Amino acid sequence: MVRNFESFDKGLLLIPFLIIIVPTFNSIDRIGDQYFYLSIYLFCSFLWILTTKNIDRIFDLWKSFVKNPIAIGYMGILFFGLVSSMFAENKKESFVILSQLGTVFLTFLVVFTLSKSISNPIEYIFKCFYFLLLLEISISLIPLYIDIDLGQVATRSQRYIGLMSNINITAFSLLYKVPVLLYFINKKPSLLFRGFNYFLLFNLILLITIIGSRASYIGVFIFGLFLVYRIVFIEKKQKQKKRISFTLLGIMISSILFNIFISNQSDNTNFVDRTAQISVDRTDGSINQRLTYYSASYSFIVENFFFGIGLGNWKLRSIEKVKNNIDAYIIPYYSHNDFLQIFSEIGFFGFLSYLSIYISALLSIFKNWRMEVYSYLFVFIIFYSIDSMLNFPMGRLASHLQFTLYLSLLFLLKPKKANG
């Protein structure tokens, strides 16, 4: 008889949410440490699953997993990444990145498997995200409120990055948790708990505006448009419209009025001024750098359309393309656009595999649009897409792992009929 170990399964399921914040003991390679921890987690998890579960049922679950279009897209990336390594200048680097992608994919499989062994896995996964959010936002808010009290708030300060390594990762990691707050706000809990979640949401947006990541401002703006869309076209119940309107009003107050007040205290660039800097002006160093990297990626795509330059080789081959724009010995490591980098590294078919993950996820969401949980996942997909087009979340385990953890919800959700 197979025994029920649900509490242990839940404990194992929580660990991937926490791996991205485990201490690295001042290691130079933070990402390497995270993948090392994740590899240990995978070994222990597979050992646990194979020794405590019904093997026939587990294999049936794994068969259903690999038949899912999202999983097929991931496997396509791995396969064409392997093919591209044959054309890579540095094959060792290709296998290093391939092993990292494979580690994330296997984590995806483990999360799916463990989720099937616990009751109400969807709510539990949201609770895991919620726990991670409380850790992240607390560590960032403490120094922020100390500085508010002293009147010394500094925009784009490293003091507020919390558990992450830079402001872009922090800003988007916080944005990734917005669907979690929406989930718990709309689950009709106690008024006190709902109010606390609104408080968290307002502080989350406040942190993002002060951190000053312009890409995340785009995410906040699109999220606001999404809320307006739901009010005007989707929601029929007046009570729900009022709740969304309150969320929208709170975001506006938090991101503009409060931020301007704090910025004026400390002579910082305020939210409105910072937002106004979002453009395609090549005189902006950051934007010019990205456009240069995009141009290099486009050249690689044209030159190596089908098989790419080799997984993980963009950082090596790009030097020849951008050498005239290298400043202060800063060597480009990523294209700052996952879509372009994947296309340039593993070719057309690998790019289609990556794109199919988004398409499959969005098709599933739109088919079940009337279920609120799907709308929360749509919000996440929007945030992650913006991050992917302007940064490189696939190169950051803290971001990429959250992507797969959210996608696991699509494997677990049971679609309902529109009138169901």
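Any chance the range 218-225 includes a residue that's surrounded by fewer than 20 Cβ atoms within 10 Å (Cβ to Cβ), over 19 Å from I386 (Cβ atoms) and among the small types (G, A, S)?
Within the range 218-225, none of the residues are surrounded by fewer than 20 Cβ atoms within 10 Å (Cβ to Cβ), over 19 Å from I386 (Cβ atoms) and among the small types (G, A, S).
At least 2 residues that are under 27 Å from I169 (Cβ atoms) in each: list the helices (runs of 4 or more DSSP H) lying fully within the range 5-77 that qualify.
Details: elements: 6-19, 30-52, 55-66.
Correct list: 6-19, 30-52.
Just the residues that are part of a loop (DSSP other than H, G, I, E, B) and surrounded by fewer than 21 Cβ atoms within 10 Å (Cβ to Cβ), please, taken from the range 361-391. Break it down stepwise before answering.
Taking the range 361-391 as the starting set, the residues that turn out to be part of a loop (DSSP other than H, G, I, E, B) are 368-371, 391.
Answer for the range 361-391, where residues must be part of a loop (DSSP other than H, G, I, E, B) and surrounded by fewer than 21 Cβ atoms within 10 Å (Cβ to Cβ): N368, W369, R370, M371.
When only residues in the range 31-56 that are aromatic (F, W, Y) and modelled with pLDDT of 95 or more count, which is surrounded by the fewest Cβ atoms within 10 Å (Cβ to Cβ)? Can you show your working first?
Here is the first cut: in the range 31-56, the residues aromatic (F, W, Y) are 35-37, 41, 43, 46, 48.
So of that shortlist, the ones also modelled with pLDDT of 95 or more come out as 41, 43, 46, 48.
On the way: Y41: 19, F43: 10, F46: 14, W48: 17.
Of everything passing the filter in the range 31-56, F43 is surrounded by the fewest Cβ atoms within 10 Å (Cβ to Cβ).
In this structure, is E93 in a helix (DSSP H, G or I), crowded, with 18+ Cβ neighbours inside 10 Å, touching a residue at least 60 places away in the same chain (Cβ under 8 Å) and in contact with a Ser or Thr (Cβ under 7 Å, 6 or more places away or on another chain)? Outline the logic, then answer.
Numbers: in a helix (DSSP H, G or I): yes; crowded, with 18+ Cβ neighbours inside 10 Å: yes; touching a residue at least 60 places away in the same chain (Cβ under 8 Å): yes; in contact with a Ser or Thr (Cβ under 7 Å, 6 or more places away or on another chain): no.
No: the conditions fail for E93.
Conditions first: (1) surrounded by fewer than 18 Cβ atoms within 10 Å (Cβ to Cβ); (2) at pLDDT below 70; (3) hydroxyl-bearing (S, T, Y). S263 passes all but one, so which condition is the exception?
(1)
Name the single residue, out of those in the range 190-204 being within 21 Å of Y145 (Cβ to Cβ) and polar (S, T, N, Q), that is surrounded by the fewest Cβ atoms within 10 Å (Cβ to Cβ).
Looking at the filtered set, the residue picked out is N203.
Out of the residues in the range 148-185 that are of a type in the set (D, E, K, R) and touching a residue at least 24 places away in the same chain (Cβ under 8 Å), state the one that is nearest to F223 (Cα to Cα). Lay out the reasoning, then the answer.
As a first pass, look at the range 148-185 and keep what is of a type in the set (D, E, K, R): 149, 156, 159, 177.
Right, trim to touching a residue at least 24 places away in the same chain (Cβ under 8 Å) and you get 156, 177.
On the way: R156: 22, K177: 13 Å.
Per the stated criteria, the residue is K177.
Using the structure shown, decide if D338 is modelled with pLDDT of 90 or more, touching a helix residue (DSSP H, G or I) at 6+ places or on another chain (Cβ under 9 Å) and not polar (S, T, N, Q).
Numbers: modelled with pLDDT of 90 or more: yes; touching a helix residue (DSSP H, G or I) at 6+ places or on another chain (Cβ under 9 Å): yes; not polar (S, T, N, Q): yes.
Yes.
Of S295, S254, S213, S286, which residue is under 23 Å from the mean Cα position of the chain (by Cα) and at pLDDT 80 or above?
Details: S295 fails: under 23 Å from the mean Cα position of the chain (by Cα); S254 fails: at pLDDT 80 or above; S286 fails: at pLDDT 80 or above.
One residue alone meets the criteria, S213.
Looking at L182, L134, which one is out of contact with any helix residue (DSSP H, G or I) (no Cβ under 6 Å at 6 or more places or on another chain), under 22 Å from F193 (Cβ atoms) and of a type in the set (A, V, I, L, M)? Can you show your working first?
On the way: L182 fails: out of contact with any helix residue (DSSP H, G or I) (no Cβ under 6 Å at 6 or more places or on another chain).
Of the residues listed, the single one that is out of contact with any helix residue (DSSP H, G or I) (no Cβ under 6 Å at 6 or more places or on another chain), under 22 Å from F193 (Cβ atoms) and of a type in the set (A, V, I, L, M) is L134.
Conditions tested, residue by residue: (1) among the hydroxyl-bearing types (S, T, Y); (2) assigned to a helix (DSSP H, G or I); (3) more than 26 Å from the chain's Cα centre (by Cα).
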| residue | (1), (2), (3) |
| --- | --- |
| L311 | no, no, no |
| R317 | no, yes, yes |
| K321 | no, yes, yes |
| S344 | yes, yes, no |
| G347 | no, yes, no |
| Y354 | yes, yes, no |
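The values are calculated or read from the model by the stated rules, or taken from the named source; none is laboratory data. It should be emphasised that the depicted structure is a prediction, and the values quoted were computed from it without experimental measurement. Virtual Cβ from ideal backbone geometry, glycine too; neighbours counted across all protein chains shown.
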